[in-house]
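The values are calculated or read from the model by the stated rules, or taken from the named source; none is laboratory data. All values derive from a computational prediction rather than experimental measurement. All Cβ positions, even for glycine, are placed from backbone atoms using ideal geometry, and neighbour counts span all protein chains on display.
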Amino acid sequence: MSGDKYNKQRKRMLERLDKGQELPIIELGMYDLTPYFRTDVFDVSLSEAIMLNKNAERRVGHVEEEIFFSPPQYDALKCLFQMDKVILSAPTSFGKTMLIKEYIYTAKPNTIVYIVPTNALAYELERSFKENEHFSEYVIFDKCSAIESIHDEEKLFFIGTQEKFLELDRSILGEIDLFVIDEAYKLQDSIRSQRAYKLSETFLDSMTRNSNKVFLLTPKATLVGFDKYEFFIYKSDFNAVEKNYIVLEEINFYDTLLNKGQEEKTILFCNSPKQINAGYEKIKDTIQSENVTEFVRLLETEIHPDWSVVKLLKAGILTHHGQMPKYVQNRMINLFNESEEYKVLFGTNSISEGINTVTKNLFIHPEYTNMRDILLLKNTVGRAGRLGKYPIGYVYSIVQVEDLIENEITISLAIADEEELAEIEDSKNTDKILQFCEEQGIECELCQELLKTYKISLIKLKEILAALKKDRKYPGISNLPFIANEAYKNDYNGTLGIDKFLITGYLQNFYMDGTQKEFLNNFGDRIAYLKKKTNVETDNTEIINHYMQFIYSTLEYCIMPLVNIGIEIKTKCPNWKFGANVIESLEECKSKYYTKTYGGLNVDELSDSHKLIVGAMKDYGMVGALKNLNGEILDEIQSRLNVRYSTTDVLRAINYLAQNSQKYRDFYVDLKKKYMI
């Protein structure tokens, strides 16, 4: 039977399974659909008995349920054992994460590094390991409060982003037995992007450390440039689930979405938070009642009642995008995965690259415009359907997307380009660094410290220094978006005309409206401020999204690193020539940022271990609580942590102290109520 005919027949069988029909064991076995075998059948033929026995040998060991690998999955697992460097290239729902878990469960490597693209995915993956007693022997962490020798009996397991990995003193890991990079297709991104630079540096780290095993996980693709590193490519187009593509008329799009979402898990995939807002506007007239939960009340208080996230939540619809606090993201995903009350989720690419949640129905927003990013589309569509749950995933759109998604793609390793590789290598070359320091007028020791601390290249540092040298007409924090835009170029995702007001609206405590002092205490105040400054009648939820983008992305990842670099240079090279009014802008920004974020907490005077705890709480979105921290509270939390720990462990410590703290119980109870329930 030809491959095309074989695949068509397998899909017809999956469609029958999706309708609840039972299929004979012999037919399922012929098409490698062995995970769908009924194992409680006793009246079987000899051939079927042999198939069932073979299937039993492929049982997944790290779960309690009776789950079995298909023959292609089992072949992939054997490959992981046989080869030291493997690229596992297969469809999104092939089960790559499950295969890695089974390898870890069976091989029991002592030291593991597992790199994932987002903090949200790290949190989800870590939770799945920690809640599974089969992995209880591992110390799972993404930060370390002290450098100490490794105990022979410890099994160390780092799970986190490339940024978190590069922040570690890698000497604490010792010899690495298994190094995994999930979503490794991102290694094709040019290292001129800072995240891509850090991922490529992490990849090279896995090579230069001679990690015993290195596994790269990618969608099915043609892979180019990896041969230099002697990877074995295990490539499979097998899928134990299939997709049905349905083209809708736009007039019927939202009605179909809501009808499907009444009974089945359904995701609307959007370009941006703005499209999520547009989705709400399309359905708001159909909303019959509002469900005002404690979560709704919290978001109305902490953010604003007009935020589309709140409005959708009242309608029983969840949201997920990168420009929201982590505790909100996690609550949304937990509700979608675990609650039958919530069947619909509106999300952006954060549901494609940031989490492993699945759905039966995937709708592509009618105004989605990023069709050229085929990898993103493939990853997103891969969320529809899941082995053991949804044999068929349904993909709805107003244009034909099947041909785009089913076509083969090529992933080219960025650092296979000698110029890109040289940018990383030159940034570690002592002679190149010395030459750079002479040209730029900074001390070599400071330069090396900046490269190491901020994980940047010499080329990027040169661009940052050039931006800091440029004169500014007036002092003030409104300069920072313009300085950061010049320093980070393509990594700067803000809108300068708005950002100059967003930074003042967020970091200032008040502004003068004529002779009247107007305070900026919450999002309501910030909305009013931005409207007055721009004289544009913009929808409130769009203004909130502008602030969210600025606070959780632009400010954290572009502006504050630039501010800290500039102030370090001023401190250690006092004669270095800054542009006019630049250093004043940097110092004002740092002062206001610290006051806004930490209140009376002097972060600079904290111990390194306390700084890590504060950082974990901040990353999770507990910003309101940081101003009330003190040394005793931080000591209490630290007493519940190992030397190596993660944000999840900090949350567990807070949960414990909400019941057991003698002095600060109310503080922890409030934290738990706001951010963890």
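Given (1) under 25 Å from Arg170 (Cα atoms); (2) at pLDDT below 95, identify the lone condition not met by Glu64.
In the conditions (1) under 25 Å from Arg170 (Cα atoms); (2) at pLDDT below 95, Glu64 misses (1) alone.
Could you tell me which residue of region 429-442 is farthest from Ile464 (Cα to Cα), considering only residues that are more than 36 Å from the chain's Cα centre (by Cα) and charged (D, E, K, R)?
Taking region 429-442 first, the residues more than 36 Å from the chain's Cα centre (by Cα) are 431, 434-435, 438-439, 441.
Filter once more, keeping what is charged (D, E, K, R): 431, 438-439.
Details: Asp431: 21, Glu438: 16, Glu439: 14 Å.
Among residues in region 429-442 that are more than 36 Å from the chain's Cα centre (by Cα) and charged (D, E, K, R), the one farthest from Ile464 (Cα to Cα) is Asp431.
Given the criteria part of a helix (DSSP H, G or I) and in contact with a Phe, Trp or Tyr (Cβ under 7 Å, 6 or more places away or on another chain), does Cys589 qualify? Don't jump to the end; show me each part of the working.
Details: part of a helix (DSSP H, G or I): yes; in contact with a Phe, Trp or Tyr (Cβ under 7 Å, 6 or more places away or on another chain): no.
Taking the combined requirement at face value, the residue does not satisfy it.
Can you tell me which residue among Thr380, Thr319 is touching a Phe, Trp or Tyr at 6+ places or on another chain (Cβ under 7 Å) and in a helix (DSSP H, G or I)?
Details: Thr319 fails: in a helix (DSSP H, G or I).
Only one candidate qualifies: Thr380.
Looking at Lys101, is it among the basic types (Lys, Arg), in the same structural domain as Glu154 (by TED's automatic domain parsing) and touching a residue at least 24 places away in the same chain (Cβ under 8 Å)? Before the answer, list the steps.
Details: among the basic types (Lys, Arg): yes; in the same structural domain as Glu154 (by TED's automatic domain parsing): yes; touching a residue at least 24 places away in the same chain (Cβ under 8 Å): yes.
So Lys101 passes the test.
Please specify each residue of region 163-192 satisfying the condition of being within 19 Å of the chain's Cα centre (by Cα), aliphatic (A, V, I, L, M), more than 21 Å from Thr410 (Cα to Cα) and assigned to a helix (DSSP H, G or I).
Listed by number, the list holds a single entry, Leu166.
If the Cβ limit is 7 Å and pairs must be 6+ apart or interchain, which residue in region 180-205 that is in contact (Cβ under 8 Å) with a residue 40 or more places away in the chain and outside the structural domain of Tyr103 (by TED's automatic domain parsing) pairs with which residue that is surrounded by 19 or more Cβ atoms within 10 Å (Cβ to Cβ) and assigned to a loop (DSSP other than H, G, I, E, B)?
none
Could you give every pair whose Cβ atoms fall below 9 Å, whose first residue belongs to region 377-393 and is over 15 Å from Lys19 (Cβ atoms), and whose second residue is among the basic types (Lys, Arg) and not in a loop (DSSP other than H, G, I, E, B), counting only separations of at least 6 or pairs across chains?
Close Cβ pairs satisfying both conditions: Val381/Lys243; Gly382/Lys243; Ala384/Lys243.
Determine if region 42-51 includes at least one residue that is under 15 Å from Ile67 (Cβ atoms) and part of a helix (DSSP H, G or I). Steps first, please.
Looking only at region 42-51, we keep the residues that are under 15 Å from Ile67 (Cβ atoms), and these are none.
No: region 42-51 contains no residue that is under 15 Å from Ile67 (Cβ atoms) and part of a helix (DSSP H, G or I).
Quick test of your reading of the structure: Tyr342 fulfils all but one of (1) without any contact (Cβ under 8 Å) to a residue 60 or more places away in the chain; (2) part of a helix (DSSP H, G or I); (3) not β-branched (Val, Ile, Thr). Name the failing condition by number.
Tyr342 satisfies every listed condition except (2).
Starting from residues that are surrounded by fewer than 20 Cβ atoms within 10 Å (Cβ to Cβ) and basic (Lys, Arg), keep the ones in region 165-197 and report whichever is farthest from Ile424 (Cα to Cα).
Arg170
Please indicate, with yes or no, whether at least one residue in region 146-154 is touching a strand residue (DSSP E or B) at 6+ places or on another chain (Cβ under 7 Å) and either assigned by TED's automatic domain parsing to the domain that holds Thr357 or surrounded by 22 or more Cβ atoms within 10 Å (Cβ to Cβ) (or both).
Within region 146-154 (the criterion being touching a strand residue (DSSP E or B) at 6+ places or on another chain (Cβ under 7 Å) and either assigned by TED's automatic domain parsing to the domain that holds Thr357 or surrounded by 22 or more Cβ atoms within 10 Å (Cβ to Cβ) (or both)), the answer is no, since none of the residues qualifies.
Restricting attention to region 1-31, which residues are assigned to a loop (DSSP other than H, G, I, E, B) and crowded, with 18+ Cβ neighbours inside 10 Å? Please lay out each step first, then the result.
At the first step, the residues of region 1-31 found to be assigned to a loop (DSSP other than H, G, I, E, B) are 1-2, 19-24, 31.
Tyr31 - this is the single residue of region 1-31 that is assigned to a loop (DSSP other than H, G, I, E, B) and crowded, with 18+ Cβ neighbours inside 10 Å.
Evaluate region 365-377: report whether one residue or more is polar (S, T, N, Q) and touching a strand residue (DSSP E or B) at 6+ places or on another chain (Cβ under 8 Å).
Going residue by residue through region 365-377, those that are polar (S, T, N, Q) are 369-370.
Those left that are additionally touching a strand residue (DSSP E or B) at 6+ places or on another chain (Cβ under 8 Å): none.
Looking for residues that are polar (S, T, N, Q) and touching a strand residue (DSSP E or B) at 6+ places or on another chain (Cβ under 8 Å), one finds none in region 365-377, hence no.
When region 540-589 is examined, which residues are found to be modelled with pLDDT of 95 or more and among the small types (Gly, Ala, Ser)?
Gly566, Gly579, Ala580, Ser585
Tally up the residues in region 59-73 that are touching a strand residue (DSSP E or B) at 6+ places or on another chain (Cβ under 7 Å) and not in a loop (DSSP other than H, G, I, E, B), please.
Number satisfying all stated conditions: 2.
For region 409-423, indicate whether the set of residues that are surrounded by fewer than 21 Cβ atoms within 10 Å (Cβ to Cβ), among the β-branched types (Val, Ile, Thr) and assigned to a loop (DSSP other than H, G, I, E, B) is non-empty.
yes
So, of the residues in region 385-411 that are aliphatic (A, V, I, L, M) and modelled with pLDDT under 90, which turns out to be farthest from Phe253 (Cα to Cα)? Let's see the steps before the verdict.
Our first condition is that a residue be aliphatic (A, V, I, L, M); within region 385-411, this holds for 387, 392, 395, 398-399, 401, 404-405, 409, 411.
Keeping just the survivors that are modelled with pLDDT under 90 gives 387, 404-405, 409.
Working: Leu387: 27, Leu404: 20, Ile405: 20, Ile409: 29 Å.
If we take residues in region 385-411 being aliphatic (A, V, I, L, M) and modelled with pLDDT under 90, then Ile409 is farthest from Phe253 (Cα to Cα).
Quick one: which residue in Phe346, Phe336 is aromatic (Phe, Trp, Tyr), buried (at least 21 other Cβ atoms within 10 Å of the Cβ), modelled with pLDDT under 95 and within 21 Å of the chain's Cα centre (by Cα)?
Numbers: Phe346 fails: modelled with pLDDT under 95.
On inspection, the qualifying residue turns out to be Phe336.
For region 557-586, how many residues are part of a helix (DSSP H, G or I) and surrounded by 15 or more Cβ atoms within 10 Å (Cβ to Cβ)? Spell out the reasoning first.
Narrowing region 557-586 to residues part of a helix (DSSP H, G or I): 557-572, 582-586.
Remaining after also requiring surrounded by 15 or more Cβ atoms within 10 Å (Cβ to Cβ): 557-570, 582-586.
Number of matching residues: 19.
Starting from residues that are free of Cβ contacts under 8 Å to residues at least 60 places away in the same chain and out of contact with any helix residue (DSSP H, G or I) (no Cβ under 7 Å at 6 or more places or on another chain), keep the ones in region 53-70 and report whichever is farthest from Glu102 (Cα to Cα). Outline the logic, then answer.
Taking region 53-70 as the starting set, the residues that turn out to be free of Cβ contacts under 8 Å to residues at least 60 places away in the same chain are 53-60, 64-66, 68-69.
From the residues that got through so far, the ones that are out of contact with any helix residue (DSSP H, G or I) (no Cβ under 7 Å at 6 or more places or on another chain) too are 53-54, 56-57, 59, 64-66.
Details: Asn53: 20, Lys54: 18, Ala56: 15, Glu57: 13, Arg59: 10, Glu64: 13, Glu65: 14, Glu66: 14 Å.
Among those residues, the one meeting the criterion is Asn53.
Restricting attention to region 494-523, report how many residues are in a helix (DSSP H, G or I), small (Gly, Ala, Ser) and surrounded by 15 or more Cβ atoms within 10 Å (Cβ to Cβ).
Quick first cut of region 494-523, residues in a helix (DSSP H, G or I) only: 496-507, 523.
Now drop any that are not small (Gly, Ala, Ser), which leaves 497, 505.
This time we only want the ones that are surrounded by 15 or more Cβ atoms within 10 Å (Cβ to Cβ), so: 505.
Summing the residues that are in a helix (DSSP H, G or I), small (Gly, Ala, Ser) and surrounded by 15 or more Cβ atoms within 10 Å (Cβ to Cβ) in region 494-523 gives 1.
Going by the conditions given, is Ile233 in contact with a Leu (Cβ under 9 Å, 6 or more places away or on another chain), at pLDDT 95 or above and not in a helix (DSSP H, G or I)? Let's see the steps before the verdict.
On the way: in contact with a Leu (Cβ under 9 Å, 6 or more places away or on another chain): yes; at pLDDT 95 or above: yes; not in a helix (DSSP H, G or I): yes.
Criteria met by Ile233.
Within region 552-574, track down each residue that is farther than 30 Å from His321 by Cα and free of Cβ contacts under 8 Å to residues at least 40 places away in the same chain. Reasoning before the result, please.
Within region 552-574, the subset farther than 30 Å from His321 by Cα is 566-574.
Listed by number, the residues that qualify are Ile567, Lys570, Thr571, Pro574.
Find the residue count for region 637-670, including only residues that are in contact (Cβ under 8 Å) with a residue 12 or more places away in the chain and in a loop (DSSP other than H, G, I, E, B).
Matching residues across region 637-670 total 8.
Pick from region 612-636 the residues that are part of a helix (DSSP H, G or I) and of a type in the set (D, E, K, R): which of them is surrounded by the most Cβ atoms within 10 Å (Cβ to Cβ)?
Filtering first and then ranking leaves Glu636.
Can Leu223 be described as under 25 Å from the mean Cα position of the chain (by Cα), under 30 Å from Asn493 (Cα atoms) and outside the structural domain of Glu449 (by TED's automatic domain parsing)?
Values: under 25 Å from the mean Cα position of the chain (by Cα): yes; under 30 Å from Asn493 (Cα atoms): yes; outside the structural domain of Glu449 (by TED's automatic domain parsing): yes.
Criteria met by Leu223.
Under 29 Å from Leu465 (Cβ atoms), in a helix (DSSP H, G or I) and not assigned by TED's automatic domain parsing to the domain that holds Arg644: is that true of Ile527 in this structure? Write out each step before concluding.
On the way: under 29 Å from Leu465 (Cβ atoms): no; in a helix (DSSP H, G or I): yes; not assigned by TED's automatic domain parsing to the domain that holds Arg644: yes.
So Ile527 fails the test.
Out of curiosity, is Ile115 assigned by TED's automatic domain parsing to the domain that holds Phe179, at pLDDT 95 or above and buried (at least 22 other Cβ atoms within 10 Å of the Cβ)?
Yes: the conditions hold for Ile115.
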